[in-house]
Every structure is written in C-alpha cells, then in structure tokens.
Protein chains: 4
Amino acid sequence: MAHDGFRGVFPYLVSPIDERGRVKDAVLTHLVDDLLGAGVHGLTPLGSTGEFAYLNREQRHRIVEVVVQATRRRVPVVAGVAATTIADAVEQVKAYDALGVDGILAILEAYFPLAEDGVVDYFTAVANATALPVVLYTNPQFQRSDLTLPAIERLARVENIRYLKDASSDTGRLLSIINAVGDRMCVFSASAHIPACVMLIGGVGWMAGPACVVPRQSVQLYNLCRAGKWEEAMRLQRSLWRINRVFARYNLAACIKGGLELQGYEVGAPLPPQTPLSETARAEIKGVLADLGALDHHPSPITGVEAS
Amino acid sequence: MAHDGFRGVFPYLVSPIDERGRVKDAVLTHLVDDLLGAGVHGLTPLGSTGEFAYLNREQRHRIVEVVVQATRRRVPVVAGVAATTIADAVEQVKAYDALGVDGILAILEAYFPLAEDGVVDYFTAVANATALPVVLYTNPQFQRSDLTLPAIERLARVENIRYLKDASSDTGRLLSIINAVGDRMCVFSASAHIPACVMLIGGVGWMAGPACVVPRQSVQLYNLCRAGKWEEAMRLQRSLWRINRVFARYNLAACIKGGLELQGYEVGAPLPPQTPLSETARAEIKGVLADLGALDHHPSPITGVEAS
Amino acid sequence: MAHDGFRGVFPYLVSPIDERGRVKDAVLTHLVDDLLGAGVHGLTPLGSTGEFAYLNREQRHRIVEVVVQATRRRVPVVAGVAATTIADAVEQVKAYDALGVDGILAILEAYFPLAEDGVVDYFTAVANATALPVVLYTNPQFQRSDLTLPAIERLARVENIRYLKDASSDTGRLLSIINAVGDRMCVFSASAHIPACVMLIGGVGWMAGPACVVPRQSVQLYNLCRAGKWEEAMRLQRSLWRINRVFARYNLAACIKGGLELQGYEVGAPLPPQTPLSETARAEIKGVLADLGALDHHPSPITGVEAS
Amino acid sequence: MAHDGFRGVFPYLVSPIDERGRVKDAVLTHLVDDLLGAGVHGLTPLGSTGEFAYLNREQRHRIVEVVVQATRRRVPVVAGVAATTIADAVEQVKAYDALGVDGILAILEAYFPLAEDGVVDYFTAVANATALPVVLYTNPQFQRSDLTLPAIERLARVENIRYLKDASSDTGRLLSIINAVGDRMCVFSASAHIPACVMLIGGVGWMAGPACVVPRQSVQLYNLCRAGKWEEAMRLQRSLWRINRVFARYNLAACIKGGLELQGYEVGAPLPPQTPLSETARAEIKGVLADLGALDHHPSPITGVEAS
C-alpha cells in the first residue's frame, strides 16, 4: 500500500452536477487530472466545498466512484462521510471503502444537540466500520456538536483514527490538540486557518477548497514550509491569503465553482436554492485569481471521456 | 374535502423505529388511534420531534404512509418536508401528496448560510409542487437560515402558503407576523411558546411534541382559550407548562419517546448516536406526567372520547 | 409608607443631558409631570433607556435627584443601580436611598463571565445595603451574566428582593419564574415581551421605554388587562406593539429620545458616540406615533423651572 | 523621545487593590521592577487583565501614576483607556497623558450596539485628544461593537493611530489586517493567539496577561522569533502555550493574580463579585508554572537580568 501517511495539499473537490441531477463525469475527471498535474498530494471529494449536504445518496456515490477512477491510485483519495445517524454513516463508509478510497473524512451532522458520549460513539462507529485511516472533521461554525478536546483525546485511542482537520478559525485550538494528541494524530489545516501557521506549529498539510483553484501555488507554499523557508513561505502565503478571505465572504461552494468556471472548467452552479455568484463577487474573485496568475491555467482539452 | 382550515392541537408524532431500521407500524397506528380518541384536531408526522433529520427516504415515506392509513381521514395529516435542495423537497412533497396527506409542513435545512432570495425560492418551489395548503416552519435555533418578516411577507402572496408555525421562543415575533400577514396566513404555536399566549394574540392552535403525551389536557386548554375563558385557561396552562420546560432541557425526541414509553407505547429510543433519556431525566418526566394525570392514560383498549 | 406594592406602568425615563454634560432639569421635570398626568403608576430613572451605561457618577446622581423632586411622592420612583463591582453598587444604592427613592432596580454588569455564586453575591449585597424593595433586572442580550432560574430561586429568599423585570424576549421564561417563585416575587414585563401576555400569565405590569411616549395608551392597556377584558386589551395591544417593534430595530435610547423630541420635549440626542436617529428612522417613528394619536400630546408650557 | 516604536513583550499588568479599595503601591512597584528586570519591552496597565472594567476613576488614575513612577522611563508605558462615551474617554486620555504615559491602548465599551460611524468617531476622538501613539484594541468576545476591517482602514488614516492589538482567536483576521494596513499600522498579538504565529505573519510583539507570570520565557520567545529561529521558537512556544490555555478556562484576572500570588507577589484577589481561583484551578496553574520554571522566580531581592 503506497499511502502510509497523508500529508500535503488535499483540494476539497467540487461536485459538478448537471441540470438533471447527474454528475458531470468528464468535467470532474478533467479537474482531477489537472490537479494531479499541478502536484497536489491527495484529493478529498465530498467535503463541505463538495456540497455533501446537498447531494443525495446516488450522487454522492457517483462522485466518489468517478474520483477514484480518475485518480488511478496516483495519490490518496479521502472521501467525506457525513450523517446524523450511525446507521447512515456506516453504510456510506462501507460503500466508499468498496469503491477503493484510501481514507475517510468523518463528519458528524446533528439536528438536536448531542452529548459528548454520543459524539464519541459516532466517530468510533465510523472507524470500526473500516480498516482505512480516518480523519476527524471538526467545524464549530457549521455543525451543532463540536469535538471538544476531551472527546478528541478519547477518539485518539481508536487505532485507525489518525488525522484531524479543524475548520474553526482558532489556530490556538490546533496547538492545544497537537500538544495533547500530537503523537497519535496528525493535524490538517482548513481554509479558515493560515496554512503556513498550521505548518509552523506542527501540522502536516491542508484540506481546503481554495486549493482547487490555486493548486500549483498551494503546492509551492507547502514545499517552502517543509523546507523551513518561513520568510519566503510567508511572502507567498500573504498573497494567497487574499483568496481565502474573498471566499469567506460568500457561499464557499459558489466561490470555488465560480473560480473554476473562470478557469474554464464547466462545473456549473451550486445546487439550488443556493445561488450562483453575484456579478460583484465574480469580478472580485476574477481579480484575485488574475493577480495570483491563476487564470492562465486553462484546462487541457478534454480527451475521450463523456458525461454519464 | 373536509379540511378547509387547520386549527387546534396537532401533536408532533414521534417516529418509532426498530433496531433493524424498520418503522414499527403497529405502535404508530396505536398512538394515532389514541390521540384521535383524545380529541386532537390534526396530526403532524416528520416534525422535529419526528426526527425527520435522522430518517432516510424509505423510513420517512413509510411513516407518512402509516399515519395516513391509521388516520382514515378523521383529521388532517400535515407531513413535514425538510431538505437542503429544492429538488429533494419537491420529490418529498409529491410523494407525500400521492400518499394522501392534507397539508405540507415546509422546513428548510441549510449547511451554508442562504440569502433571502434563496429562502423564498425554496418555499415557493415547495408550494408550487402541490395544491395542498403549506405551513411555513421557522426555527431560528435549529436552522441556519431563518425566515425574516420581509421573506414571510413575500411568501404570504403565494396562494397555498396559508399557515406558519414558529418555533422560536419570541412570542412578540408572532404578533409582528400576525400584524403583517394575519389576513392571509394563520399562525400555530410551537412548544417553546406559551400556547395560551399565542391563542390570545390571535393564533389558531399549536403543533408540538408535548401534545403526544398530554393530548386530552392540550385539547382542554385549546377549548378554554377558544371560549375566552382566559383565567381558567391559565390555571391549566400553568401546570402544563412544566412539561414544556422539562422537555426543553433534554433532547426533545428522547423526551417525547421516553414519555410515551412511560405511558406504555413501545416507541423505542431516538436514533443513535442520540442517546435515550438518562435515569434522572426519566424520573423527572415521570413526576411531571404523574402530576398532570398523564400516566393513568394507558394505551389500550381505547374507550370513549372525553375532551372538555 | 404609601408604596407597599409596585404594579402598573413604570416608564423607563430618558436622561436628558446638554452639550456640556449637565442634566437638563427642566425638561426632565416637565416629562415627569406629564407622565404622572397621564396616569402612570411609577417611574424608573436609570434603566437601559436612561443610558445608565453612558452616564458618570455625578450625572446619574443628579438624574435621580431631579426625578425624586419632580415626583413629589405621587408615585414610587425605582432607580436603576448598575455596576460591575459590589463596592460600586452598594455606594449607588446608599446614595439613591438617601435621595428618597422608593425602590432599587438592580442591574449587574460584567466584563469577564461570572459564576452563579458571584451573581448571587452581587444581588444579595445590593439588597442588604438598603431596606427598600429591590427589583432584579435580567437581560440576556445586553449582559454577560444572566440570572438562571436556580439563581433567582436563591435570591427570592432574600427578604427585600420582591420583584423581577425580565428583558429577554422569552415569555415562557417568565412563566417558569412565576411557577417557581411567584408566591414571593412579582414579575414586570419589558418592551421585548407583549405586555398583555405577561399580564395574562400573572405579571403585575411593565417597566419599559415606550411608555414614555405612549403613557396614556399604556395605562389604558393595563386597565383593560386588570379588568380581564382580554379581547379589548388585545385590540389595543396589537396597535401598540408596532412601537415596540420599531424601537427594537434601532438604538433604544435614540428611539425614545427621538420620539419625545417629536412630541416637543427637548431631551436631546443619546450620548456620543451613540448617534441620533437617522431621517428614515425618525420618519418611521413619527408615522407610528401619529397612528397611535401620540403626537397630539404636546407638553404643556414650561413654567418656572430652569436648567442647572 | 526614546520610544519611537513599540515592539516586543508588553505584560498586561494586574491591578492590586486592598480590601479598602486602595491601590497597593508597593506591590505594584515591585512587580514593575521585576518585570523590567526580566527584560520586558513595555508595560500595559489597565488592560482587561488589569480589570479596567472593575475600577473606579480614582483607582484607575492611581494605577497609572504608580506604574509611570515605578518605570522611570526605562520602557514605554501604554495605558488602557476604556469608556462608553467620547467625553469619558477623552477625559481619561488627557489625565494619563498628563501623568506621563508613552501611549494609549484605546478600548471601546458599549451597551447598545453601535454603528460603524460611531465606532470610528470614538477612536478618532481618542486619538485627537493626545499627541501620543494610539493602539486600537479589538476584542469581539468581550465587546459589543467590534472593529471591522473597513473601520480599521478608516482609522489607519488618523496620524497617531499606529498600532492594533487584536484579542480574537482568529489569527487569519490579523493577516487580513496586515495585508490591508500593514504599511501604516503595527500589529500586536493577545493571549488568545499563538504569539509565534503572529510574529511569523508580521506582528511586532504581544500585549498579554500571561507575560506577567512568565516574563523571562516570553522575552526569550520573542528573541527567537526575531532571529528567525522558528523551530527553536516553536519548541518554547509549545510549552508556553499551556499557560495561555489554562488561563482561557477561568476568569483571566483571577488567573494572573493567582499565578502572581503563587510567585510571592501579594496582589490579592480580583474585585468582588468576581471570585478568587478555586483550589482546582490554583493547583492546575501551579503545576504549569512549575513545569515552566516560573515558580523559582521569587520576587525579591532582584538579582542580575538574564534574558536570552
């Protein structure tokens, strides 16, 4: 098995869906190919940017299937599993495992607030349903039950729970996690943190939507951090940060999809009733991408693949 | 068609699911029969208490089917429809309409925050997918995109959007809504409001989980309010309020299911990772139900109706 | 002592301050006279509408002094005491007691979150510093440490803590309080509740800013509620509610001061950096006051009193 | 003028007050001497840790006076000014300026929410009242009106507003601020950020309570960051971070005062109704300080300075 350790830049893939609700296989395949060409270290379908909360069972399954096939084991594929019940989560884990993913990004959704024991039960059940490594996902802003540090410490004892991705904006929380369970668990940044800071404090990379539209620059930033060239890394980080901040002001899925459309990928709009980017937002994103040299990167012509 | 106007007490039905994930038809049928025997004016499957957020498509469909069959058109059945996308919501509406429900309780779920236009689009699409009357559901606590007063005013212009149920605890908000659209829309209370107060300001009833365990008392309270016997209504309301407050302290589905179990209905626990009532909570609920005379009401056999 | 029980309409008085920071005695005296002429049952200087948080020690002292003198014991004066430390609160209580007030409205301010024991210590110390009756003030929106029901139950045992005014918008919370300590403590509504609803559930009146600009109508509403004429009360309540809702959208002090200016009282603007009403807000408030017949009530000509 | 640029470690001084409300001059003088002996680069009386929100006018004035006298111009003294009104803030600025401070830390308090124009008015008035450099303080957690990026951009144009201290935990916000106004304004970290991260992204130091109890270690961390020795800095940062996190769990003033008491400074407890440290918290803080070698540092007599 080639993928004994996840690290580096894992773009959060968008989910291109056509008007009749079908996955646009060719577009997604093309995007995967180009991201791998840009040097990214892994791929994450069905993260928040991938609109997991807006897709049905069949759409989610197809997204994972297409990404696994397009990747051809060149990098690890870590698929998002999100559910309110253990039963649903376990079903997803087994399905994606069977499709050949290399890891599971475990997301808990909730309607009623959930006590810590229930939170631990959920993630433990997800991990027990597979032999694959599991990434805990924590996002205080979009989920009703956050992972506390004590819950993380309990979960770190589960054999295959080996990573954590934190989508808060509280970088100090990550350092507290690393202080507590850093010997057993590796930490990924999300787009609300400054990736260079997370690398400085001991992180191993980032899983984030913006890496879809600036993959080369993201890989370059990762390499500078790994080489300990912090001042040089910060110069690049400072300019890349603009894109994180623009995206934070609008619907994230609309931003990444809109940015990819500007680059020539026909990924479409986010699923209704989410609305596409306004003209203002589109112009602003276009400006930032242009400044970063990220509009020159046109997708190579599509070869023979066709939409389902 | 008998149900030209919804008003009165609409219990939020629980969803009894067995360990293999199947709907417990007999238990649900029995509960429906007993609630009708107690004089309730309508039934609402798949509200929050009905754990709509924890059931899959097949389970939700079966719940509605069983309730419609058990009700035998004696009172209106208003089924909850909850989704993040318009496509999913419309599919649910059409399915439940085909099963024979009398109205739709429309709930919007969201992962990313949604602008007002998107909110209006969603509810309009739900209403356009059916000829049945639609109840707008608004719950600032559990949903990411609340219905503002301007959005409600826009939606009141849609022909079949004729009711609103507000699950905030801000009764003043209801009066503002009644002031603005009271000529076109009727307002239901939820369990976080004091029902007698909502009746006083012009509401037409309540849709709430507690009515599952105190149906006779709820109907009696409704009748006192309708008769303008406000002091007498308040005496009953004051004692009934204790149950709303106990339930507010714990997972609502666990409370109603736990209360029904105490009354002899084998509805089971909420779906994992939600946890059943703790012993403390169960004892507290038992005490309140006993004080209200709601433990004497064993589920079978059904005798004569005796609403005030 | 005439004032053995507070009940009825207690306007939250504004604090008119001139550009040099001096209390405008004549304006305040005039307002007090007119409010008493309109039949209000008590007066509350230094509530939130009275900008207690924006006045210095000398200004607050003078406000209380002027109100006590202008009232001439015709109705009870209940002065707001607000502080972060027990020492400061006790000093204020003793000063206002010496000036001749009839009760203390006790407000806790906090910078760091405060544990329940500290909260109980504060209010107990306030009560122990005087023989006057004390009104607990609770406002979850504007204060960092709210009064929980257990804290209220502990404080209800203090001899002279005999009233509570709750400025949340959660009327159900008031019913829970009345259920728990209603035999020892009387409850006042604030402007975020519907006063008629609070009266229905057992309240004794309201302390609120809007009563400054619609005193006659407020007294009429109170009388209808007391007489059990609930439907008639609700007709009046429904029209009066518009003013509460307009005020909720803007800075409350700016609204009441702006409304009084429209009625001819030269109370001035709220203290900077608070800003006066915008033209839009002023027009909106003018419209509502006109509809309520509250612009016809011009202040009678000022007699001989002059500003300090 | 020696202090043309603030940078480095500025401990947030505690305010030692005796039981009769008087400033404990000798204790405060001693603490100042020892901190200067440990090599700190500046001192900040009347920050949040200094309980500005709990002191009266006379106490605050005396605190500043004692600190200025004890410092004897060896490092800059930047005094906190906090008020709800412009009039009060300006009075404080002028008083502290007359006492000989070197800069003003400007804090806005609010009771009612404040529009951006009011926020800008306040800070502009503070800056216009003095020729000293002004540090903007922003703390979304403890203040009702936060400084938005557009407001900061407007304020950066005021000549003597030249620093900003951000007490959120959102380090990305600091990078956005540096990207926007970094050429005109220098940024300090607070205790909720990881200081080494803020230094990496371009910060100039930190103003924080923990530096009172670990001054030598804080100076050493600053020097490592300045020298670009990031890996070494992170090793120290990782152990120091434990103290920030312990303090975040309790009342911050109680923690710093408690820690200083453990080191032999008789600074007393926070002002009532704030409560002193519980035994559990005291033991936990004692453990962390012991691990950091911060209990060996007895307050007297002062020996040779030994910063790295």
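A few notes on this one:
- Candidates B:Gln141, B:Gln220 - the one that is away from chain C (no Cβ under 11 Å) and at pLDDT 95 or above: B:Gln220
- Residue in the stretch A:90-98 that is open to solvent by less than 20 Å² (accessible area, probe 1.4 Å) and out of contact with any strand residue (DSSP E or B) (no Cβ under 6 Å at 6 or more places or on another chain) present: no
- The residue that is nearest to the other protein chains (Cβ to nearest Cβ), among those in the stretch C:101-132 that are within 18 Å of the chain's Cα centre (by Cα) and open to solvent by 20 Å² or more (accessible area, probe 1.4 Å), is C:Glu109.
- Within the stretch C:138-149, the set of residues being in contact (Cβ under 8 Å) with a residue 24 or more places away in the chain and open to solvent by 30 Å² or more (accessible area, probe 1.4 Å) comprises C:Pro140, C:Gln141, C:Phe142, C:Arg144, C:Thr148, C:Leu149.
- Residue in the stretch B:261-281 that is under 18 Å from C:Arg173 (Cβ atoms) and modelled with pLDDT of 95 or more present: no
- Options A:Val67, A:Val23, A:Val90: the member that is within 15 Å of A:Pro11 (Cβ to Cβ), of a type outside the set (S, T, N, Q) and either over 13 Å from the mean Cα position of the chain (by Cα) or at pLDDT 95 or above (or both): A:Val67
- Among the residues of the stretch D:108-132, those that are touching a strand residue (DSSP E or B) at 6+ places or on another chain (Cβ under 7 Å) and at pLDDT below 95 comprise D:Glu109, D:Val119.
- Residues of the stretch D:146-190 classified as more than 9 Å from every other protein chain (Cβ to nearest Cβ) and of a type in the set (S, T, N, Q), total: 3
- Listed by first and then second residue, the pairs with beta-carbon distance under 6 Å, at least 6 apart or on different chains, first residue in the stretch C:201-224 and under 22 Å from C:Arg162 (Cα atoms), second part of a loop (DSSP other than H, G, I, E, B) and not basic (Lys, Arg), are C:Ala208/C:Ala190; C:Ala208/C:Ser191; C:Gly209/C:Thr49; C:Gly209/C:Ser191.
- A count restricted to the stretch A:256-278 and to residues that are away from every other protein chain (no Cβ under 14 Å), among the charged types (D, E, K, R) and within 18 Å of A:Leu292 (Cα to Cα) stands at 1.
- Here A:His193 clears all of (1) within 13 Å of another protein chain (Cβ to nearest Cβ); (2) surrounded by fewer than 21 Cβ atoms within 10 Å (Cβ to Cβ) except the condition numbered (2).
- Residue list for the stretch B:35-49, filter: over 8 Å from the mean Cα position of the chain (by Cα) and among the small types (Gly, Ala, Ser): B:Gly37, B:Ala38, B:Gly39, B:Gly42
- Flag for A:Val219 being surrounded by 23 or more Cβ atoms within 10 Å (Cβ to Cβ) and under 22 Å from A:Val78 (Cβ atoms): no
- Looking only at the stretch C:231-244, residues that are closer than 16 Å to B:Met199 by Cβ, open to solvent by 10 Å² or more (accessible area, probe 1.4 Å) and within 10 Å of chain B (Cβ to nearest Cβ) come to 2 in all.
- Considering the stretch A:1-18, the residues that are surrounded by fewer than 18 Cβ atoms within 10 Å (Cβ to Cβ) and at pLDDT 95 or above include one that is nearest to the chain's Cα centre (by Cα), namely A:Arg7.
- Residue in the stretch C:216-235 that is of a type in the set (Val, Ile, Thr) and either over 30 Å from D:Thr85 (Cα atoms) or touching a strand residue (DSSP E or B) at 6+ places or on another chain (Cβ under 6 Å) (or both) present: yes
- Yes/no for B:Glu266 being part of a helix (DSSP H, G or I) and surrounded by fewer than 23 Cβ atoms within 10 Å (Cβ to Cβ): no
- Residue selected from the stretch B:269-295 under the condition over 19 Å from B:Arg22 (Cα atoms), outside any helix (DSSP H, G or I) and out of contact with any Phe, Trp or Tyr (no Cβ under 7 Å at 6 or more places or on another chain), by the criterion most open to solvent (accessible area, probe 1.4 Å): B:Ser278
- When restricted to residues that are in contact with a Gly (Cβ under 8 Å, 6 or more places away or on another chain), closer than 23 Å to D:Gly118 by Cα and away from chain C (no Cβ under 14 Å), the stretch D:51-100 contains 1.
- Only listed residue being touching a Leu at 6+ places or on another chain (Cβ under 8 Å) and among the charged types (D, E, K, R), chosen from A:Arg74, A:Arg7, A:Arg57: A:Arg74
- A:Val135 more than 14 Å from every other protein chain (Cβ to nearest Cβ) and either open to solvent by 20 Å² or more (accessible area, probe 1.4 Å) or at pLDDT below 95 (or both): no
- Restricting A:Ile152, A:Ile178 to those that are aliphatic (A, V, I, L, M), open to solvent by 20 Å² or more (accessible area, probe 1.4 Å), touching a residue at least 12 places away in the same chain (Cβ under 8 Å) and under 22 Å from A:Gly5 (Cβ atoms) reduces the list to A:Ile178.
The values are calculated or read from the model by the stated rules, or taken from the named source; none is laboratory data. Keep in mind it's a predicted model, so treat the numbers as computed, not measured. Note: ideal-geometry Cβ built from the backbone for every residue, glycine included; neighbour counts use all protein chains shown. These area figures cover heavy atoms from the full protein model, side chains too; ligands, DNA and RNA do not enter into them. Shrake-Rupley method; radii C 1.70, N 1.55, O 1.52, S 1.80 Å.
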